[in-house]
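A short worksheet on the structure shown next.
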Amino acid sequence: MYISKLIRTLHRKLFIINDTPQKIALGAGLGVFAGIMPGMGLLVALFLAFVFRANRASAVIASLASNTWLSILTFILSVKIGSVIMNLEWHSIYNQWIELLKNFQWQELLKTSLLKTVLPIAIGYLILSILAGIIVYISALIILNIKRRNKNE
């Protein structure tokens, strides 16, 4: 029940913003991109919205909606995507990463093969963030245009 209430609230807030559908959709896409990418988030979403002249409110809402809610799913997808691209076994990368986080020490990080552990995950996150941002942009643009058209009729 909580998730459906959250989705309704986000939908209502996102679709009552007074701006062009293109700017709102672009802000949402940039927000999702920044929300999924590790190390980014709200401030990066605002910065990207400013640079691309997108709607800042939709960027913030989308960033907050995608930032922590999808972390486990996006991590696993990123590991799988990155390992496919680099032709590596995803279970191995996943286990190395989990082991690194469990017993984190700077010396262990330096011993870990960055090319075989960190790089596939980073590539996976980048691709996943871009794809999710594009999907959200297109979906939001279609929905906003339909809603605006129905409102004007």
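Here, each number is a calculation from the coordinates, and none is a lab measurement. Worth saying up front: this structure is predicted, and the values here are computed from it rather than measured. Please note: Cβ atoms are built from the backbone with ideal geometry, for glycine as well, and neighbour counts cover all protein chains shown.
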TODO: Starting from the Cα of residue 76, step 7 Å along the direction of its Cβ; do the same at residue 18; then give the gap between the two resulting points in nm.
DONE: 4.4
Task: Rounded to whole Hz, the Karplus (6.51, -1.76, 1.60) HN-Hα couplings of the range 83-96, x for glycine and proline - done: 5, 5, 5, 8, 6, 10, 7, 5, 4, 5, 5, 4, 5, 4
- [ ] Kindly write out, for the range 42-47 in residue order, the coupling ³J(HN,Hα) from the Karplus curve 6.51 cos²θ - 1.76 cosθ + 1.60 (θ = phi - 60°), rounded to whole Hz, with x marking Gly and Pro.
- [x] 4, 5, 5, 4, 5, 4
